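To start, the structure under review is shown below, and the notes come after it.
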Amino acid sequence: SGESGAGKTESTKLLLQHIMSLCKGNSQLEQRILQVNPLLEAFGNAQTVMNDNSSRFGKYIQLRFQKNTVQGAKLSEYLLEKSRVVQQDTGERNFHIFYYMFAGLSSEQKEMYGLLDPSLYRYISGRFGTQEVAEHWKHKYQEVCNALDMVGFQEQEQVDMQAILAGVLSLGNVTFEPEESDGSVKVSEASRGWLKAAAVSHKKSLLLEVLLVCCCPCSPVSPSVRCCCSLCADARDSIAKVAYGRVFGWIVCKINELLAENVDSEVELREIGILDIFGFENFAVNRFEQLCINLANEQLQHFFNHHIFQLEQAAYKEEGLPWETITFNNNEPILNLLLAKPFGLLSLLDEQSAFPQATDKTFVDKLNSSFKGNLYFQAARGHVLGFSIVHYAGKVQYAARGFLEKNRDTLPANVRGLFISSVTPLLSVLFTGKKLYPVVRKQSLLQDVAHLAVLWLDGLLIFLLCPCQHSLMVLMEKMYSANPHFVRCIKPNSQKEPGVLDNQVVLLQLRYNGLLETIRIRRDGFSWRPSFEEFAER
């Protein structure tokens, strides 16, 4: 754990390499496991203002062993930041894979996928980069191709996957305008070519129908037409986000199929699990995604506090040791604010999401009235549509626009039908394959965060790491039976500069992470606990 840019993903890769080295083997499976990270980075990481290689999803890697040899691995991913596909803030980029494709594909391949100059695409923000950067991306693209081959993706699957990504980019350039004759909406003349390029993976007429008819049945009145154009643009972005999210999920499912252990079901396997979670974020503009990320970090911090301080000091008290209690910053009140039922922020958001007439403003008004006087909640001043939460790592102001829509995360049936009827086999499989994500959402996105993270049992918060609700109880048992090790990553400076240690930046992290208190309990406490048998034998 650690804030964005502190080195969590790099530490994960080093830890995996170290474990593979300790296995003293060079099996194909071990090499495949090492190739998983660069593959996921390409599709799940992006440049932000805080980190040039920021994880925009969380992953939990389970390594399974028999007699110190890796027999298999399983990957769980959650909360991919799909909104990044269609929108990036100033100084940020889309997911790496798009830039790698532009730099790595040959002219013939770009023509096959219908890709033009990257500066033409609305979904690709910022300058494409210098020649040196382009060469780096070209090298990274080759790494991705090698990783796909190594892990076991077939050639046609790789072609289909890149065709879908190219179609997503072309779709982003489709714009809409009112029809002069009857006031209805049509695809603008300037973007007809982009629609044709995007429809390589679909029947063009069906794609057009979904964008224009099903997503905005409005009457020929000027304000409605403007609203209708906006709805069509929303439908376009929704299709792009869903397509990318399904491709990412398919990659993870495919990885799990290829890395699954091939041993007798009666054989007992030992396990090491590694969690690489997105770091705490506080940008100039913080949206729904930042709240999800920061909530997960709040829960991880509580799990750390519980193990390092509460359980530790309870053991000293039980043993009757002379001990002066060490106080720590308990973030339980913040988690109550966010997760309590029925009046926590998450519950109120779900309540508002269930009402068709509710808006982001009614949601904020509900928060302001419910949390008036709460020390960890601050209403926005003036006419700003937002609110602030005082997290364990500092105060973060959230812009509330889009909260309800993103929490609902619905997929219209006609959009699903569009994908199922696609002429690209992979795109059709993504929406019909039974092994992939269920079509019907039974919970909101913020509930996903809660499910991957918390259960309240007898007033005790337990941190869990899984996106799937059915895996919760299994993971809970594992967490109780396992021995957690915490790797706290510290960011040396805020300028993304190597070899520079900013004392104030580091000290702030040491304080809010509770590391100063951790050092004290490690110094004054009892870090080595031999069993009575071990002690007697010595």
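The values are calculated or read from the model by the stated rules, or taken from the named source; none is laboratory data. Keep in mind that what you see is a predicted model, and the values were worked out from it rather than measured. A quick note on method: Cβ atoms are made from the backbone with ideal geometry, for glycine too, and the neighbour counts reach across all protein chains shown. Heads up: the accessible areas ignore ligands, DNA and RNA and are worked out on the full protein's heavy atoms, side chains in. Shrake-Rupley method; radii C 1.70, N 1.55, O 1.52, S 1.80 Å.
A simple rule links phi to the HN-Hα coupling: the Karplus curve 6.51 cos²θ - 1.76 cosθ + 1.60 with θ = phi - 60°, which for the stretch 75-88 gives 10, 10, 10, 8, 6, 4, 7, 5, 4, 5, 4, 10, 8, 10 Hz, with x for Gly and Pro.
Note on the stretch 1-119: along the principal axes its Cα atoms extend 53, 38, 19 Å, ordered by decreasing extent.
Distant-in-sequence amide contacts of F377, defined by a placed amide H-H separation under 5 Å and a gap of 5 or more residues or a different chain, comprise V390. For S119 and L258, what is the calculated FRET efficiency with R₀ set at 51 Å and r taken between the beta-carbons, to the nearest 0.05? After rounding to 0.05, the efficiency reads 0.90.
Near the amide H of T175, within less than 5 Å, lie the amide hydrogens of S188, S191, all on another chain or at least 5 residues away, with H placed in the peptide plane. Coupling constants for the stretch 165-172 follow from the phi torsions by the Karplus curve (6.51 cos²θ - 1.76 cosθ + 1.60, θ = phi - 60°), and in residue order they are 4, 5, x, 4, 5, 5, 4, x Hz; glycine and proline get x. Available extension along the chain between Q495 and V285 is 73.8 nm, counting 0.36 nm per residue and deducting the alpha carbon span. Let's test the formula: R0 of 51 Å, r as the Cβ-Cβ distance of V505 and E180. What FRET efficiency results, to the nearest 0.05? Plugging the Cβ-Cβ distance into 1/(1 + (r/R0)^6) gives 0.35. With the full set of protein chains in place, find how many percent of the accessible area of the stretch 288-410 is carbon and sulfur; take the probe as 1.4 Å. C and S fraction of accessible area: 53 percent. Stretched out straight at 0.36 nm per residue, the stretch from E266 to R488 would grow longer than its current Cα-Cα span by 76.3 nm. Surface exposure of the stretch 335-434, expressed per residue as accessible area with a 1.4 Å probe, stands at 51 Å². Placing R0 at 51 angstrom, the Cβ-Cβ distance between Q66 and K361 gives a FRET efficiency of 0.35 after rounding to 0.05. In the stretch 226-271, the portion of solvent-accessible area held by carbon and sulfur atoms comes to 42 percent [1.4 Å probe, whole percent, DNA, RNA and ligands not counted].
Within the assembled protein chains, the solvent-accessible surface assigned to R416 is about 80 Å², based on a 1.4 Å probe. Per residue, the convex hull around the alpha carbon atoms of the stretch 288-410 comes to 121 Å³.
Extension gain, R529-S27: 0.36 nm per intervening residue step, less the Cα-Cα distance, totals 177.1 nm. Close amide H partners of Y398, meaning residues 5 or more places away or on another chain with modelled amide H under 5 Å apart, are F387, S388, I389. Once both labels are positioned 7 Å from their Cα atoms along Cα-to-Cβ, the gap between K196 and N146 label points is 3.9 nm.
Per-residue 3J(HN,Hα) values for the stretch 311-322, derived from phi via the Karplus relation 6.51 cos²θ - 1.76 cosθ + 1.60 with θ = phi - 60°, read 5, 4, 6, 5, 5, 5, 5, 5, 7, x, 7, x Hz in sequence order (x marks Gly and Pro). Between H18 and I519, the simple label model (points 7 Å from Cα in the Cβ direction) yields a spacing of 2.1 nm. Partner aspartates and glutamates whose Cα lies under 18 Å from the Cα of K13, excluding those fewer than 8 positions away in the same chain, are identified as E3, E30, E41, D52, E77, E143, E271, D276.
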